[in-house]
Amino acid sequence: MYDISPENASNFVAGVDLAFVIILGVSVFFLVAITGVMIYFIRKYRRDKHPKAIQNEGSLKLELIWTIIPLLLVLVMFYFGWMGWKPMKTPPEDAMKVTAIARMWNFKFEYENGKLTDSLYVPVNQPVVLDLKALDVLHSLYIPAFRVKEDMVPGNIKQMWFIPGQVGSYDLFCTEYCGLDHSYMYTGVRVMAEEEFAEWMKDTTATAPAVDESMTPAQQGFEILKSNGCNACHSSDGSKLVGPSYRGIWGETQEVTTAGEKREITVDEEYIRRSIYDPNADIVDGFNKGLMLSYEGLVTEEEIDLIIEYIKSLDE
Ligand SMILES: [Cu+2]
């Protein structure tokens, strides 16, 4: 029953759908039956036929029936729910490992060879285990087509696993409200044929975001900001979002708080670099501490140089 069948997107589809259909079937049956009996009683016991109310003393037989039948029904629901859920908790030993990293407001996927991507790439018919890591607040990773969903809790690495059954593209998104731009926290799963996946995995040059050489450094910088989700908190037009705008900061003096002391600093290369790798070292006046997390290991030094070119270009 829980084996992968060729038409299913993952090995959990059959079990989850069976439990779902059983619960839905029982619910629809009772919706129709109870509504029907209600309407029938309204007619049967209407006032002109029964002008005088009577007191019923109860019936043991009825009490037993309406206790035992629902009990059996919920036990059946529990059984199928449990059978669909239990295999999700025991990932196979030989599964391929991927770390899923969530932060406000994007996902990153890190492979064992160091490859880092914005969407999840997996081979078909092979077990995959995701280590779920949340960097800031609660998130939840949901792949509806695979029937898998698991909370991502800061400081507590949970796991999720599945065997994709069909080559194709599926939705993947955050399903735990995690702040202003929660709704932008979606990406996809690409399930690839085995050889295609092996090719893709070998190509570690694709780790860096595909920067197009025909773009100016400033444009490349903007692409990097986009692909890291920086623009959810920073604008390019001077408007204040969760964080300060990139516009008009280059070379200016900024009021910041460093280790509790207010001071003035000039926005230069070193300051931008520190703002990205150690964002809580200097907190810009009027903004909150702890919202931006370090991008160390996620944004490279070279990428920061391109980001700096972009920030400079906004001042020309
Ligand atoms: Cu989220």
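Any read-out appearing in this document is the output of simple, stated calculations on the displayed coordinates, not a laboratory observation. Just so you know, these numbers come straight off a predicted model, no measurement behind them. When we count neighbours, we look across all protein chains shown, and the Cβ atoms used for this are built from the backbone with ideal geometry, even at glycine.
Phi-derived couplings, Karplus 6.51 cos²θ - 1.76 cosθ + 1.60 at θ = phi - 60°, listed residue by residue for segment 74-80: 5, 5, 4, 4, 4, 4, 5 Hz, with x used for Gly and Pro. Of the chymotrypsin sites (Phe, Trp or Tyr not before Pro) found in segment 157-206, those in coil by DSSP whose Cβ has at most 13 other Cβ atoms within 10 Å are 177. Can you pull out the GluC sites (Glu not before Pro) in segment 107-170 that DSSP calls coil and that have at most 11 other Cβ atoms within 10 Å? Taking segment 107-170 and a limit of 11 other Cβ atoms within 10 Å, the loop GluC sites (Glu not before Pro) found are 112. For segment 239-283, applying the loop criterion from DSSP together with a ceiling of 15 other beta carbons within 10 Å to the GluC sites (Glu not before Pro) yields 252.
Applied to segment 238-248, the Karplus parametrisation 6.51 cos²θ - 1.76 cosθ + 1.60 on θ = phi - 60° returns per-residue 3J(HN,Hα) values of x, 7, 7, 10, 5, x, x, 6, 6, 6, x Hz, with x for Gly and Pro. By how many degrees, between 0 and 90 and to the nearest 10, does the Cα long axis of helix 217-227 differ from the longest principal axis of the chain? In the chain, helix 217-227 runs at an angle near 20 degrees to the longest axis.
In order along segment 33-40, phi translates into HN-Hα couplings of 5, 5, 4, x, 4, 4, 5, 4 Hz, rounded to whole numbers, per the Karplus curve 6.51 cos²θ - 1.76 cosθ + 1.60 with θ = phi - 60° and x for Gly and Pro. Pull up the DSSP beta bridges for the chain and report the antiparallel fraction as a percent, rounded to 5. Around 75 percent of the beta bridges assigned by DSSP in the chain are antiparallel ones.
Put the Cα centre of segment 54-73 next to the Cα centre of segment 246-316 and the gap is 70 Å.
Of all stretches in the chain that contain no trypsin sites (Lys or Arg not before Pro) in a DSSP loop with at most 13 other Cβ atoms within 10 Å, the longest one is 53-239.
Sorted into 10 angstrom bins from 0, the C-alpha pair distances of segment 96-207 split as 15, 50, 29, 5, 0 percent.
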